[in-house]
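Here is the structure we will look at, set down as structure tokens.
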Amino acid sequence: MKNELVERTAQGFVRSFGAEPQRLILAPGRINLIGEHVDYNDGLVMPAAVDKYVCFAMGPGVAGDRCRITAIDPDESVETSATGPWQPVPGHWSTYLLGVQHALRERGHEVQGFRAAFSSTIPMGAGLSSSAALCCGFAFALDRQFNLGLSGTDIALIAQQAEHAFAGVRCGIMDQYASVFGMPGTVMKLDCDKLTHAPVEADLGGHALVLFNSHVKHAHLASGYNDRRREVEEALRIIRSEFPEVTSFRQCTPAMVDGLHDKLGPIGHRRAAFVVGEMQRVEEAAQALAAGDMARLGALLHRTHQGLSEEYAVRCAELDLMVARTMEQPGVAGARMMGGGFGGCTINLIEKDVVHRVTEAVTAAYRERFGITMDVYPVRIVRGVHEYTRA
Ligand code: GLA
């Protein structure tokens, strides 16, 4: 599958530009075991890169500072300049790439003309961070092409800045970081405050992680996501006015949040309670994983779903039904919506022997209720963005 994608991308480059690409880059999408909506609150999260990729084929330009980028799947090209200025094109894929060029320039990096083509196996709007992979892959490709000397952290931050400034989503750093620093077979415990990570071996005993794609595109994601950010920023401001020693939600306790119920108001209280609770769950999940306690890990995942649904209100009916039907099945340790919410995939911790049966049961229930056939992706954890060497 990976080789097919690389070949398709290389051939697309040849078709578009009549020359072989100089290099091929693969940037993976990500899952997140636990720790949702805490990355932009300086929390810990547990993502991993998975075997769905954006592939870039890259080569030098032919005319001065002109750049040409081809999206192979819609077979559409844009022309841009290496020196800018660049403007977002709302709703269009080029926004992300122009955003990367803009972010590089803002940080003082200069590139020359280039030609690039890309293609992807990451479903869009499914919560697997196709846009983070797109931005990280492109930043990495430009770094290699023009020897910019970027570190992995630089690439993640540039990709994040592209989303903030051009796509208008004030995302945290989890998706970009996972796409850059992913390690095969290993979930990372990422500290989003310090931007450091530690590997956590993904030994799930007799269990497997499986994704169910609801095919509900999270249309509200940009506005809903930014709204949640505003709500928790306001909640933190109120908490800090009472507890000046607190600098982030990392230092907040459930008791502090509960004691401020009236000041926070019902919505602020629910949002803050979710963030503080989720931060605790990440710590507990890391312990459960280390102890091989899948029942406990699964229970934590499901508690996260309930929190996302009720306290953080990023629910949708389709995801709630899918998780409820999954949890009813024998052999399921846990299930929850994954990523920003409002649609996309659920992540499910299921005994290996019963994955097929559970999948069939949930597929049938989901189709019966919503008339949608879900997609199923077994999770394979892979390395982060890298240059691909053809055999
Ligand atoms: C999206 C964002 C991430 C993170 C998740 C929720 O994927 O891009 O930064 O906030 O939502 O955990």
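The values are calculated or read from the model by the stated rules, or taken from the named source; none is laboratory data. For clarity, every value in this text was computed on a predicted model and none was experimentally measured. For neighbour counting, all protein chains shown are included, and Cβ atoms are generated from backbone atoms with ideal geometry for every residue, glycine included. Ligands, DNA and RNA are stripped out before the accessible areas are found, and what is left, the full protein with its side chains, is counted by its heavy atoms. Shrake-Rupley method; radii C 1.70, N 1.55, O 1.52, S 1.80 Å.
At-a-glance table
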| read-out | value |
| --- | --- |
| Contact order relative to length of segment 76-203, as percent, for alpha carbon pairs under 8 angstrom and 6 or more apart | 22 percent |
| Computed magnitude of the charge dipole of the chain (debye, nearest 20; Cβ of K, R +1, Cβ of D, E -1) | 500 debye |
| Charge dipole magnitude, Cβ of K and R +1, D and E -1 - segment 155-232, Cα centre, debye nearest 20 | 260 debye |
| Listed residues E233, E368, E284, most fluctuating in the chain (Gaussian network, C-alpha, under 10 Å) | E368 |
| Residue-normalised accessible area of the chain, expressed per residue, 1.4 Å probe, Å² | 40 Å² |
| Which of P28, M1, N41, positive extreme of dipole for segment 1-45 (C-beta unit charges) | M1 |
| Lysine pairs in the chain with Cα atoms under 25 Å, if 8 or more residues apart or on separate chains | 7 |
| Surface share of carbon and sulfur [accessible, 1.4 angstrom probe, percent] for the chain | 50 percent |
| Normalised contact order of segment 260-391, rounded percent, pairs of Cα under 8 Å and 6 or more residues apart | 17 percent |
| Backbone HN-Hα couplings from phi across segment 250-265 [Karplus 6.51/-1.76/1.60, Hz, Gly and Pro as x] | 4, 9, 8, 10, x, 5, 4, 5, 5, x, 9, 3, 5, 5, 6, x |
| Top positive-direction residue, dipole computed over the chain with Cβ charges, set H109, A57, G343 | A57 |
| Relative packing of peptides 258-264, 315-321, 128-134 - highest average C-beta neighbours within 10 Å first | 128-134, 315-321, 258-264 |
| Rounded Å value of the spacing that divides the Cα centres of segment 90-140 and segment 26-54 | 18 Å |
| The chain - percent relative contact order, Cα under 8 Å, separation 6 or more | 22 percent |
| Cα-centre dipole for segment 1-139 with unit charges at Cβ (Lys and Arg positive, Asp and Glu negative), debye to 20 | 260 debye |
